[in-house]
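S.K.: I have a structure here, written as structure tokens, and I will follow up with some questions on it.
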Amino acid sequence: MKQRFLADNALGQFLDWLTHYGVLHGPTRTAEGVDAFGPVQTESDLCLDYRRTLIPPKKYLLPPRQTILNYTTAAGYTLPDRPAPQQVLFGVHSCDLQGIAYLDRVFLGDRPDQLYRRYRNALTLVGLSCEPDPFCFCASSEKAPRNADLFLQRLEHGFIVSAETTRGKGMLAGLEPLLTEIEAIPPPPVESRMMIRLRNAAERGSTFPDSPLWENFAARCLSCGACSVCCPTCYCFDVLEHGALDGMTAERLREWDNCLFRAHGEVAGGHNFRPTRRERFLYRYLHKYLGFGALAGVPACVGCGRCRVVCPVAIDLTELFAEGDDVCA
Amino acid sequence: MGSVLEIKPLSRVEGHGTVRVSLAGRQVESVQLNLIESPRLFEALLVGKPYDELPEIICRICSICSSVHRVTSLQAIEAALGIGISEPTALYRELILAGGQIESHGLHLFCLVLPDYFGIAGFTELAAKAPAEFRAGLRIKAAGNRIQELVGGRLIHPANLVPGGMGKYPARDELKKLRSELQEILPDAVKACEMFATLTPPLHPANFTPPNYLAVQNDDSESLPANLLVTSNGQSIDSTRYRELLTEQVMPHSNAKHSYAGGEIVTVGALSRLNLGVELSSRSAQAFFDARSQLLGAPMPANVLAQGVELVHSVEQGIALIDKLLEMPATSEPRVPFPIHEGNGTAAREAPRGVLIHRYELDSQGICTAADIVTPTAINQAAMERDLYALASILTGVDESELKWQLEMLVRAYDPCISCAVHVVRI
Amino acid sequence: MSAPELNSIPISARIQTIRRLTADTALFRLQLDGDRTFPFIPGQFVQLSVPGGGEVPISPADLPAVDGTIELCVRRFGHVTSLLHRSRTGDRVGIRGPFGNGFPVDAMAGKDVLLLAGGLGIAPLRSLLFHLLRHRSDIRSLTLMYGAREPAVMLFKDELLELATTGSLRLLLTVDFLSDTGQAEPACNVGLLPALLKGVQLEPGRSCAAVCGPPALYRCTIDELLLAGVAEDDIYLSLERRMKCGVGLCCHCAVGQLLCCCEGPVFSYRDIKNIPGAL
Amino acid sequence: MTRPSLAIAGLTACFGCQLTFLNCEAELPTLAGLFDFTYFPMGSSRREIGGEFTAALVEGAVSTPDDLETLVRLRSRSRVLVAFGTCARWGGVAAMNNHLSRVAMIESVYGKGAGPTRSFNPGPLHRFVTVDFSITGCPPEKNELLATLAALLHGALPVFPQYPVCTECRNRECLCLLIERGEPCLGPITQAGCNARCPAVSIKCEGCRGPVTEANVASELEVLLEKGISREEVIRRMRRFYPEWDYGQRS
Ligand SMILES: Cc1cc2nc3c(=O)[nH]c(=O)nc-3n(C[C@H](O)[C@H](O)[C@H](O)COP(=O)(O)OP(=O)(O)OC[C@H]3O[C@@H](n4cnc5c(N)ncnc54)[C@H](O)[C@@H]3O)c2cc1C
Ligand code: SF4
Ligand code: SF4
Ligand code: SF4
């Protein structure tokens, strides 16, 4: 099968060309050794062989803390008028692309969130294939999810480039001068065993009610919030409002929340609908694997492995599946 | 029968203090300065703690001086363990000290002292009466805080400075931003210094004893920063032998201790540094020269103006340090490794308020077995009380509120930092 | 303004009147800016913004008005509601919504309708009550059972007593305990709300109940309702959760896999009885 | 509207919380117009604890009869009493050795029979009076102070985060010192709000903001012991700002 090919030595030019579509961001490694998506000036800023960034790309669409409304006595509440920055996010792995696809379903669904839409429209996605490590279990690390404008599949001396969206098809046309043609067979889609187990369990609606693991998790968990902060599909948020010193203006913010925090299930007066950590773990499970509301039945876990990697006490919800559901379809 | 007049609590100073004036009729009999700060027993808190925890704990002794306490503590530990730090680390430490000095002097000059020049109670009134001066002063002070925050990671109680180096070097573009901020406020600092040189001092002139100044002088000729404690009376001693110079005496009328240098009352702080010829940046040297008649050999009320000169100095020094740091190639590891062993170390530095000395003894595990901390305010106490008496005696007969006001202004000129004066002193 | 924007950006309103009902509860009548009307179904809720404080979910206590006003009965409970209680007439607030499903008024047609309100739960039920009274001929009978802690905190009492005199409403009031004066209130029982249901027999399939009150109320009330013969399907419960967005995004209000702000806040008992933590 | 009147006072402390107020350089002129600083010895020579205060911001732990007297006087005259900073909220550094003999400590500093007599183990404000609100931190954060002042203008109090420093640390994409370096970072059990200042410069959190409401103390201890840090060291570090942890607490 004929494929469009970008040779390694053209990568620099490719990156330059991408900046036509916005400020270029991609995987980088900080001085402390943390992999993070961040601004990229040159090819050497990139860390192409990264496994997973600490924070997923959701930060580009739903910043950890974001002003959602401004208040003035004269105008009442208004949306912040700052436009979203035009950005190109390069090097996004399949799992994260799927994470974005999930967020899109939540935030661009029946009642679209205007700020999210603003940021999403301004973001161009360039995917990159990857090599799974023992923590990953995504549907397929090689295959291009449909929301990647462009997707780069790593070969030995370069990348197969494909366009998956209308925007991407347009981009690909302009990219032609940098590409050559090669003959290559697209890799067969392989789904990880864990993903299959997880899907089976989700289809059954299993919540492993009797598993002793729940108690174990609840006792160990530090409620540090890392698993949720680092999850590509955790989007729970809290809303805060602060008045300014002038007494006339105020700012309403939303910030990432975590269902493992006690306050998550609290209502006014102090009653808590999920007072124990065990209940909160079940809740998290329910949301991640069985879904809520319009997305009930749609598993949110994309298999990136972050929650396990970032957990200071090595809690791994997938242990539940390994125990109960070993069927491979 | 005698009566007692009390200023309680001393206002617009750091910490809790009172002044008691005993009167026999209209005659001042004695003046007592009580530093009633609650004892936090820092030296006892340090004993038994490992070396790396000492700077983290001791910087909490005082907020305004937290940077210089942290740095002095680190230097004492590094001296005890024989740790050499990298050049950027050393420069960053100087930078944060410059920041601390800008903040501290800025606070003192514009928030605590300036209201005296207008005869008003504090910053609220100042904001209405001299808004331009107040805002300019606050901008200078803010720049000092920006330095402390960038280098230290926190505005107060810097976290980023650790034995052998730093957690993380600040980003270069942040340094550049900081530099331009300092550049921006430099003219303000020069103007502020001129303002303090021309404003009529609100303090009544008195027959103050000419001070015996004390300061730390760096001897850069050797590799390790060896420093000397020098006095204007001609004494000089290696700072590690500070206990031979600085003696504590129990006052006959009280159970508290006063510090003396070679048996004499000494004063420390900005005025002492200028008089002992500490190196100055170009514009501050000019400012010092212009105001020399008000500063050379002057008694402590001139400390306020001296701080104005130093404000200019610290801003310029900050810029120069940033320039040096920016010239250096992107640096590697911000921390150097080192072995732990038994040892003891002393470090003496100039805090905004004057000589500060830390000394620790560490056992073979690096655990602190003894700590001694000498703070500028503790050193200044005896002089403060002496001067208060001098002022009170010539003010015989003035009305009570004026007397209180005057005495309080004199205390303020010393810029005492009462939380720092670890030892609770009752005079 | 299109509907989605109304959902996310509060529109301005002024506090037109404030009627103090008890020490901590007041009825706020808001006038929306620009002659805007605000249609809703009883049991739906709005997100009320108090500038500088934040937003709280509140159920309107009245019926939609043609003059662009809306009536909210709010108890001072915490951060935002305290600020609201400090406001004066003329002050500005914001409002967004309506959200949620509301009570299934159509399903009540032809039935014996029982309204059970505990404490502040009377607020949304007052709206439902007004609706049912307006369409009184659609239903068979209408009973309101309302319990409050003590006589002094019984909301809308005079108004309810007056409505009861028309004969279209059976009203049963109860208080947990009497006030310090010890004086018995006329027309008022002493005892918990579920006690009013003791011995009541209703026709299964021809009766329904709408319940609103504090979390503790639900369990015991449901048992009594089932005993009285109301089918699980016909018991409607309005659930309280900490709703931050109102549009199913913030996730604070999930009850099992249901989102309280979209699929609720009114659920039939059958829908939620097997969901741990729902009640 | 009448200007709210404020008292800002310090007990046993380093004056860092009051300095934090004076460090609001950009806002200070505005604040001077918005509030009546009726009692604020560090900032003003008007120093009578006279009338009523809308709010009193009290810094420091209580460790002397004088402290207690000031505190009680402020409490009785203020509508809202704010524990300002870690010492006031939790006890702070001065309380870290509360488990040791105070007499022995005093003797070690001042010598036998000497030294101050009238002092006791430092304790947080709530041990002595009702506290309505607190701004924690050693030092406290300017933005939390300003948010509190802004809310007070409206007659309200703000809402601060209830999660631990880790959450902010991860949000900022810092290296996890606990996982990656095995350091005794107290981030997991420490109240957030500082935006993870210390981990952001690769320094382990020393817990200066005190316990987070929902601390799994027992699990944090287990993790650190597993990393080879001695129980003694962990507890000593934890005690630095708050001496009364419940080491068995899991939620
Ligand atoms: C469907 C529904 C209908 C309701 N109808 C009514 C009604 O008709 N009348 C009525 O009185 N009540 C009603 N309530 C209850 C009402 O919503 C609560 O009493 C109200 O939310 C309390 O808010 P508060 O801020 O005053 O209390 P708090 O207890 O201070 O706040 C509640 C929660 O919100 C958080 N919070 C508050 N402010 C902020 C902020 N600025 N930033 C971040 N978090 C914040 C708090 O942390 C707390 O967890 C209803 C609730 C629901 C769900
Ligand atoms: S990362 Fe681990 S310890 Fe932290 S909240 Fe998640 S499960 Fe709990
Ligand atoms: S470094 Fe500390 S604060 Fe940051 S995530 Fe790790 S444990 Fe938490
Ligand atoms: S990271 Fe920890 S020690 Fe540092 S400022 Fe925050 S709470 Fe304090």
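S.K.: Of C:Asp233, C:Asp223, which residue is more than 16 Å from ligand 3 (Cβ to nearest atom), more than 14 Å from chain A (Cβ to nearest Cβ) and touching a Pro at 6+ places or on another chain (Cβ under 9 Å)?
M.R.: C:Asp223
S.K.: Output the number of residues of the stretch B:53-97 satisfying the condition of being without any contact (Cβ under 8 Å) to a residue 40 or more places away in the chain, out of contact with any Pro (no Cβ under 9 Å at 6 or more places or on another chain) and more than 13 Å from B:Pro163 (Cβ to Cβ).
M.R.: Here the count works out to 1.
S.K.: Could I ask something else about it? What are the residues in the stretch D:114-158 that are outside any loop (DSSP other than H, G, I, E, B), within 28 Å of A:Leu240 (Cα to Cα) and among the charged types (D, E, K, R), if any?
M.R.: D:Lys142, D:Glu144
S.K.: Next up: Which of the residues spanning the stretch A:129-162 are over 14 Å from A:Val88 (Cβ atoms) and hydrophobic (A, V, I, L, M, F, W, C)?
M.R.: Correct list: A:Cys130, A:Phe135, A:Cys136, A:Phe137, A:Cys138, A:Ala139, A:Ala144, A:Leu155, A:Phe159, A:Ile160, A:Val161.
S.K.: Are there any pairs, at least 6 apart or on different chains, whose C-beta atoms fall under 8 Å, with the first in the stretch D:195-209 and over 14 Å from B:Tyr169 (Cα atoms) and part of a loop (DSSP other than H, G, I, E, B) and the second of a type in the set (Lys, Arg) and within 11 Å of ligand 3 (Cβ to nearest atom), and if so, which?
M.R.: That search, which allows pairs on different chains as well, returns D:Asn195/D:Arg172; D:Ala196/D:Arg172.
S.K.: Hey, another quick one. Could you look through the stretch D:153-205, keep only residues that are within 23 Å of D:Val82 (Cβ to Cβ) and of a type in the set (S, T, N, Q), and pick out the one that is nearest to ligand 3 (Cβ to nearest atom)?
M.R.: It comes out as D:Thr190.
S.K.: Which of the numbered conditions does D:Thr130 fail, given that it passes all the others? Conditions: (1) of a type in the set (Ser, Thr, Tyr); (2) on the phi < 0 side of the Ramachandran plot; (3) within 11 Å of chain A (Cβ to nearest Cβ); (4) away from ligand 1 (no atom under 16 Å from the Cβ).
M.R.: Looking at each condition in turn, D:Thr130 falls short on (3).
S.K.: Please enumerate the residues belonging to the stretch D:179-203 that are surrounded by fewer than 20 Cβ atoms within 10 Å (Cβ to Cβ) and in contact with a Pro (Cβ under 9 Å, 6 or more places away or on another chain).
M.R.: Within the stretch D:179-203, just D:Ile179 meets the criteria.
S.K.: Related question: Among the residues of the stretch A:173-190, write down those that are over 15 Å from A:Ser129 (Cβ atoms) and surrounded by 13 or more Cβ atoms within 10 Å (Cβ to Cβ).
M.R.: Within the stretch A:173-190, A:Leu175, A:Leu178, A:Leu179, A:Ile182 qualify.
S.K.: Continuing with the same structure: Going by what's in this entry, would A:Cys304 be described as more than 12 Å from chain C (Cβ to nearest Cβ) and within 11 Å of ligand 2 (Cβ to nearest atom)?
M.R.: no
S.K.: Scanning the stretch A:244-263 for residues that are out of contact with any Cys (no Cβ under 9 Å at 6 or more places or on another chain) and touching a residue at least 60 places away in the same chain (Cβ under 8 Å), which turns out nearest to the other protein chains (Cβ to nearest Cβ)?
M.R.: The residue in question is A:Ala250.
S.K.: Then there is this: With respect to the numbered conditions (1) within 22 Å of C:Pro124 (Cα to Cα); (2) in contact with a Ser or Thr (Cβ under 8 Å, 6 or more places away or on another chain); (3) modelled with pLDDT of 75 or more, which one is the sole condition not fulfilled by C:Glu224?
M.R.: With (1) within 22 Å of C:Pro124 (Cα to Cα); (2) in contact with a Ser or Thr (Cβ under 8 Å, 6 or more places away or on another chain); (3) modelled with pLDDT of 75 or more applied to C:Glu224, the lone miss is (2).
S.K.: Any idea which of C:Leu114, C:Leu83 is of a type in the set (A, V, I, L, M, F, W, C), away from ligand 4 (no atom under 16 Å from the Cβ) and in contact (Cβ under 8 Å) with a residue 40 or more places away in the chain?
M.R.: Among C:Leu114, C:Leu83, only C:Leu114 is of a type in the set (A, V, I, L, M, F, W, C), away from ligand 4 (no atom under 16 Å from the Cβ) and in contact (Cβ under 8 Å) with a residue 40 or more places away in the chain.
S.K.: Which of the residues spanning the stretch D:36-53 are more than 8 Å from chain B (Cβ to nearest Cβ) and part of a loop (DSSP other than H, G, I, E, B)?
M.R.: D:Glu48, D:Ile49, D:Gly50, D:Gly51, D:Glu52
S.K.: I want to confirm something. Restricting to the stretch D:58-112 and keeping residues that are touching a helix residue (DSSP H, G or I) at 6+ places or on another chain (Cβ under 7 Å) and of a type in the set (S, T, N, Q), which single residue is farthest from B:Ala371 (Cα to Cα)?
M.R.: Within the stretch D:58-112, the match that is farthest from B:Ala371 (Cα to Cα) is D:Ser63.
S.K.: Would you pick out the residues in the stretch D:147-172 that are more than 7 Å from chain A (Cβ to nearest Cβ) and either aromatic (Phe, Trp, Tyr) or farther than 12 Å from D:Ala55 by Cβ (or both)?
M.R.: D:Phe160, D:Pro161, D:Val165, D:Glu168, D:Cys169, D:Arg172, listed by residue number.
S.K.: Here's something else I'd like to know. Select from the stretch D:159-173 the residues that are surrounded by fewer than 24 Cβ atoms within 10 Å (Cβ to Cβ) and outside any helix (DSSP H, G or I) and list them in ascending order.
M.R.: D:Val159, D:Phe160, D:Pro161, D:Gln162, D:Arg172, D:Glu173
S.K.: Of the residues that sit in the stretch D:183-198 and are away from chain A (no Cβ under 11 Å) and at positive phi, which one is nearest to ligand 2 (Cβ to nearest atom)?
M.R.: For the stretch D:183-198, the residue satisfying everything is D:Ala196.
S.K.: Look at the stretch A:213-229 and say how many of its residues are near ligand 2 (Cβ under 6 Å from one of its atoms) and more than 7 Å from chain D (Cβ to nearest Cβ).
M.R.: 1
S.K.: Are any residues in the stretch C:264-277 surrounded by fewer than 22 Cβ atoms within 10 Å (Cβ to Cβ) and part of a loop (DSSP other than H, G, I, E, B), and if so, which ones?
M.R.: Answer for the stretch C:264-277, where residues must be surrounded by fewer than 22 Cβ atoms within 10 Å (Cβ to Cβ) and part of a loop (DSSP other than H, G, I, E, B): C:Lys273, C:Asn274, C:Ile275, C:Pro276, C:Gly277.
S.K.: Taking the criterion of being at positive phi and either within 13 Å of another protein chain (Cβ to nearest Cβ) or at pLDDT below 95 (or both), would at least one residue in the stretch B:229-247 satisfy it?
M.R.: yes
S.K.: Kindly indicate the residue of the stretch D:3-14 that is outside any strand (DSSP E or B) and modelled with pLDDT under 90 and also nearest to B:Glu14 (Cα to Cα) among those meeting that condition.
M.R.: D:Cys14
S.K.: Considering each of D:Asp36, D:Asp67 in turn, give the residue that is surrounded by fewer than 20 Cβ atoms within 10 Å (Cβ to Cβ) and not aromatic (Phe, Trp, Tyr).
M.R.: Answer to the check: D:Asp36.
S.K.: A further question follows. Can you give me the ranges of the helices (runs of 4 or more DSSP H) entirely in the stretch B:98-168 with at least 1 residues that are within 10 Å of another protein chain (Cβ to nearest Cβ), touching a residue at least 24 places away in the same chain (Cβ under 8 Å) and more than 22 Å from B:Asp323 (Cα to Cα)?
M.R.: B:114-118, B:131-152
S.K.: Next question, about the same structure. Given the condition closer than 22 Å to B:Asn34 by Cα, of a type in the set (S, T, N, Q) and surrounded by fewer than 22 Cβ atoms within 10 Å (Cβ to Cβ), answer yes or no: does some residue in the stretch B:380-387 qualify?
M.R.: no
S.K.: Tell me which helices (runs of 4 or more DSSP H) are completely within the stretch A:74-191 and hold 3 or more residues being of a type in the set (A, V, I, L, M, F, W, C), or say none if there are none.
M.R.: Hits in the stretch A:74-191: A:94-107, A:166-175.
S.K.: Same structure, new question: So if I check each of C:Leu173, C:Leu163, which one is within 20 Å of C:Thr25 (Cβ to Cβ) and not in a strand (DSSP E or B)?
M.R.: C:Leu163
S.K.: While we're looking at this one, here's another question. Would you mind listing the helices (runs of 4 or more DSSP H) fully within the stretch A:217-329 where at least 2 residues are within 24 Å of the chain's Cα centre (by Cα) and more than 20 Å from D:Gly193 (Cα to Cα)?
M.R.: Where helices (runs of 4 or more DSSP H) fall fully within the stretch A:217-329 and carry at least 2 residues being within 24 Å of the chain's Cα centre (by Cα) and more than 20 Å from D:Gly193 (Cα to Cα), they are A:277-285, A:306-310, A:319-324.
The values are calculated or read from the model by the stated rules, or taken from the named source; none is laboratory data. Keep in mind the model is a prediction, meaning the values are calculated, not measured. Every residue, glycine as well, gets a Cβ built from its backbone with ideal geometry; the counts of neighbours run over all protein chains shown.
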